[in-house]
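Undergrad: Have a look at the structure that comes next, please.
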Amino acid sequence: MNGGTTQVVWTHRAEQRLAEQLAWAGRDGPTASVIGRLAELDRRLEAAFRPMSAVIVLDLYTGFRPRGTEHVLRCDLRDHRRRPHGTVIVKLTTANTDDSLRAERDAWEQTRPPGFFGDAVFLSQTAIHDPHELHQLVGVVYQDAGRSVTASTPVPLEDVFLSAVQYGYPRVESVAAVLRTLFDHLQREFHNRMRQTEAMGAGLPLNPDRSGVRRRLLDPDRLDLWTRDEQPRTVRQHVNAELPYPDAYLDPVYFFQTLSKEYAAGGDRAARFAVVPRRGCAHGDLHGRNVLVVSRGDTVENPTVFDYEHMHWDNLIGLDAAKLETELKVRAYRLLFPVPDDFDHLPPRGFVDAVARIERVLSRIRLSPAPEANLSAGEQRLVTLVQTIRLLDRRTMAHDPVGWEREYLLLLAAYGMSTVRFETHRPTERTAALLSAGHSAARFEQLCVDRLT
């Protein structure tokens, strides 16, 4: 609690999560102490919510790469009579610059539809300025979305997805319904404003940054990490040597190197693999940790989305689903096919076999997530939910379902390879991402060849 006009109180859960975030962010060097960071965040929360008499920090959320200077908090607010004033999610930075907060604010303002200020799924956003330095942002606040945030403790979508796959609890049907709600809102408010552009190059250009330069989903430097860095290189060699179904898999490093040459050659060779992507308004960083849901027994409901930093009117539409699928399933594989907790080098042969078997099933995209033979209950639940994500994305692109499949497979392959930059990925997750990319690449090539025969 600080001594200002607004008191800030942290729950033990929120304090513990802050300690974990700082420990991870500082693993390669010194970082702020928990006590020092608490005091700094208290000052910023007081500045952000000065009319309130109290701010209760309930929880702290982290993405896949915890950042030592950015913190996303869920807070209860109390007015001057100590009555509940609402629950908000606030993003704060303790860096010397507010550039990341401004990027978040600008991304939302430039991407949201005219007259749309948020709803029960896409939380409205407000920028909070320092009362003493009005040009300085101290936070970005995602406003109270009614019962979607306050009814009970919201949990990340990733948590309920993994629990449904591993245990069947909550029910798969309920998780699928939440996914449908999420994609319904995505399609209605954002994805419906899409267009086709020029054929996609091998690097898969993303939206332009603030200087107008386009980032690429898979640039040569990132691809080279699979041959240059020790752990990714070893994982790739291990998969190529141990893969039990080579006919359904292409080494994705070789695939993208070859694809780049084909595109560069132009003419008929490039046309054979041409993909014309759908671009438009999209989230740009959709994954299971920036979507919250409310869990009620064996059901889940009320998805809410935050973290708009990568929103843009010129994003790759299909990347929202491709990233969500990849990030969820690579973590589900570790639960379905566990390896020892202290295993930090290479996953055993059985893990490669099992993931490759599921990826072979997933490479055959079905119009309905029908049961598959020879799958365990957990494996079937994973396949059903992954196919649900794909079919929801396909519905958005319904005017060209054949072109959609090629585009989606290419995005899956490229995103799987791009995860090499995530230092938080363990060998099991890196192996699963590589297998996902390689099976998607093989299916993509098959569809491109079939198109010409």
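The values are calculated or read from the model by the stated rules, or taken from the named source; none is laboratory data. Note that the structure is a prediction, hence the values are computed from the model and not measured. Neighbour counts run over all protein chains shown; Cβ positions are idealised from the backbone, glycine included.
Undergrad: Please specify each residue of segment 181-216 satisfying the condition of being among the aliphatic types (A, V, I, L, M), surrounded by 14 or more Cβ atoms within 10 Å (Cβ to Cβ), assigned to a loop (DSSP other than H, G, I, E, B) and at pLDDT 65 or above.
TA: Taking segment 181-216 first, the residues among the aliphatic types (A, V, I, L, M) are 182, 186, 194, 199-200, 202, 204, 206, 213.
Remaining after also requiring surrounded by 14 or more Cβ atoms within 10 Å (Cβ to Cβ): 182, 186, 194, 200, 202, 204, 206.
Within this subset, residues satisfying the condition of being assigned to a loop (DSSP other than H, G, I, E, B) are 200, 202, 204.
Listed by number, the list holds a single entry, 204.
Undergrad: Determine whether segment 85-106 contains at least one residue that is over 29 Å from residue 22 (Cα atoms), of a type in the set (Asp, Glu) and assigned by TED's automatic domain parsing to the domain that holds residue 44.
TA: Pass one, segment 85-106, residues over 29 Å from residue 22 (Cα atoms): 85.
Among the residues that remain, those that are also of a type in the set (Asp, Glu) are: none.
Taking every residue of segment 85-106 in turn, none turns out to be over 29 Å from residue 22 (Cα atoms), of a type in the set (Asp, Glu) and assigned by TED's automatic domain parsing to the domain that holds residue 44.
Undergrad: Another question, then. Check 131, 114, 84 and return the single one that is closer than 24 Å to residue 183 by Cβ and surrounded by fewer than 18 Cβ atoms within 10 Å (Cβ to Cβ). I'd like the intermediate steps shown before the answer.
TA: Working: 131 fails: closer than 24 Å to residue 183 by Cβ; 84 fails: closer than 24 Å to residue 183 by Cβ.
Result: 114 is the single residue among 131, 114, 84 that is closer than 24 Å to residue 183 by Cβ and surrounded by fewer than 18 Cβ atoms within 10 Å (Cβ to Cβ).
Undergrad: Which numbered condition in (1) of a type outside the set (Ser, Thr, Tyr); (2) at pLDDT 85 or above; (3) at positive phi is the only one that residue 266 fails?
TA: Tallying (1) of a type outside the set (Ser, Thr, Tyr); (2) at pLDDT 85 or above; (3) at positive phi, residue 266 fails exactly one: (2).
Undergrad: From the list 165, 138, 178, pick out the single residue that is surrounded by 20 or more Cβ atoms within 10 Å (Cβ to Cβ), touching a Pro at 6+ places or on another chain (Cβ under 6 Å) and either of a type outside the set (Phe, Trp, Tyr) or touching a residue at least 60 places away in the same chain (Cβ under 8 Å) (or both). Outline the logic, then answer.
TA: Working: 165 fails: touching a Pro at 6+ places or on another chain (Cβ under 6 Å); 138 fails: touching a Pro at 6+ places or on another chain (Cβ under 6 Å).
Being surrounded by 20 or more Cβ atoms within 10 Å (Cβ to Cβ), touching a Pro at 6+ places or on another chain (Cβ under 6 Å) and either of a type outside the set (Phe, Trp, Tyr) or touching a residue at least 60 places away in the same chain (Cβ under 8 Å) (or both) holds for just one of 165, 138, 178, which is 178.
Undergrad: Shifting gears a bit: One residue is enough: does segment 260-272 have a residue meeting the conditions in contact (Cβ under 8 Å) with a residue 40 or more places away in the chain, over 30 Å from residue 161 (Cα atoms) and either assigned to a loop (DSSP other than H, G, I, E, B) or touching a Cys at 6+ places or on another chain (Cβ under 7 Å) (or both)?
TA: yes
Undergrad: Turning to a different aspect of this structure: Does segment 384-425 hold any residues that are in contact (Cβ under 8 Å) with a residue 60 or more places away in the chain, aliphatic (A, V, I, L, M) and either more than 21 Å from residue 194 (Cα to Cα) or not in a loop (DSSP other than H, G, I, E, B) (or both), and which are they?
TA: Of everything in segment 384-425, those that are in contact (Cβ under 8 Å) with a residue 60 or more places away in the chain, aliphatic (A, V, I, L, M) and either more than 21 Å from residue 194 (Cα to Cα) or not in a loop (DSSP other than H, G, I, E, B) (or both) turn out to be 385, 386, 389, 392, 410, 411, 412, 413, 414, 417, 420.
Undergrad: Now, a different point. Filter segment 290-310 down to the residues that are under 18 Å from residue 111 (Cβ atoms) and of a type in the set (D, E, K, R), then identify the one that is surrounded by the most Cβ atoms within 10 Å (Cβ to Cβ). Write out each step before concluding.
TA: If we filter segment 290-310 for residues that are under 18 Å from residue 111 (Cβ atoms), which is where we start, we get 290-291, 304-310.
Then keep just the ones that are of a type in the set (D, E, K, R); that gives 307, 309.
Numbers: 307: 23, 309: 20.
Only one residue fits best here, namely 307.
Undergrad: Shifting gears a bit: Listed residues 104, 158; which is touching a helix residue (DSSP H, G or I) at 6+ places or on another chain (Cβ under 7 Å) and crowded, with 19+ Cβ neighbours inside 10 Å? Give the derivation first.
TA: Details: 104 fails: touching a helix residue (DSSP H, G or I) at 6+ places or on another chain (Cβ under 7 Å).
Within the list 104, 158, the selection yields 158.
Undergrad: How many residues, within segment 239-261, are surrounded by 17 or more Cβ atoms within 10 Å (Cβ to Cβ) and of a type in the set (Asp, Glu)?
TA: Filtering segment 239-261 down to residues surrounded by 17 or more Cβ atoms within 10 Å (Cβ to Cβ) leaves 239, 242-243, 248-253, 255-256, 259.
Right, trim to of a type in the set (Asp, Glu) and you get 242, 251.
Of the residues in segment 239-261, 2 are surrounded by 17 or more Cβ atoms within 10 Å (Cβ to Cβ) and of a type in the set (Asp, Glu).
Undergrad: Let me ask something else. Is there any pair with a first residue in segment 65-92 that is modelled with pLDDT under 80 and a second that is in a strand (DSSP E or B) whose Cβ atoms are under 9 Å apart and which are 6 or more apart or on different chains, and what are they?
TA: Sorted first by the residue in segment 65-92, then by its partner, the pairs are 67/93; 82/54; 84/76; 84/77; 84/78; 85/76; 85/77; 85/78.
Undergrad: Further question: So which of 298, 247, 314 is farther than 26 Å from residue 398 by Cα and out of contact with any Phe, Trp or Tyr (no Cβ under 9 Å at 6 or more places or on another chain)? Outline the logic, then answer.
TA: Values: 298 fails: out of contact with any Phe, Trp or Tyr (no Cβ under 9 Å at 6 or more places or on another chain); 314 fails: farther than 26 Å from residue 398 by Cα.
Sole residue among the options that is farther than 26 Å from residue 398 by Cα and out of contact with any Phe, Trp or Tyr (no Cβ under 9 Å at 6 or more places or on another chain): 247.
Undergrad: Out of segment 276-308, which residues are at pLDDT 90 or above, out of contact with any Lys or Arg (no Cβ under 9 Å at 6 or more places or on another chain) and closer than 21 Å to residue 153 by Cα?
TA: 289, 290, 291, 293, 301, 303, 304, 305
Undergrad: Continuing with the same structure: If a residue has to be out of contact with any Phe, Trp or Tyr (no Cβ under 8 Å at 6 or more places or on another chain) and of a type in the set (S, T, N, Q) to count, how many in segment 259-295 make the cut?
TA: 2
Undergrad: When the residues of segment 278-289 are filtered to those that are assigned to a loop (DSSP other than H, G, I, E, B) and out of contact with any Gly (no Cβ under 7 Å at 6 or more places or on another chain), which remaining residue is surrounded by the most Cβ atoms within 10 Å (Cβ to Cβ)?
TA: So in segment 278-289, the residues assigned to a loop (DSSP other than H, G, I, E, B) come out as 283-289.
Keeping just the survivors that are out of contact with any Gly (no Cβ under 7 Å at 6 or more places or on another chain) gives 283-288.
Values: 283: 28, 284: 21, 285: 20, 286: 23, 287: 20, 288: 20.
Restricting to residues being assigned to a loop (DSSP other than H, G, I, E, B) and out of contact with any Gly (no Cβ under 7 Å at 6 or more places or on another chain), the top hit is 283.
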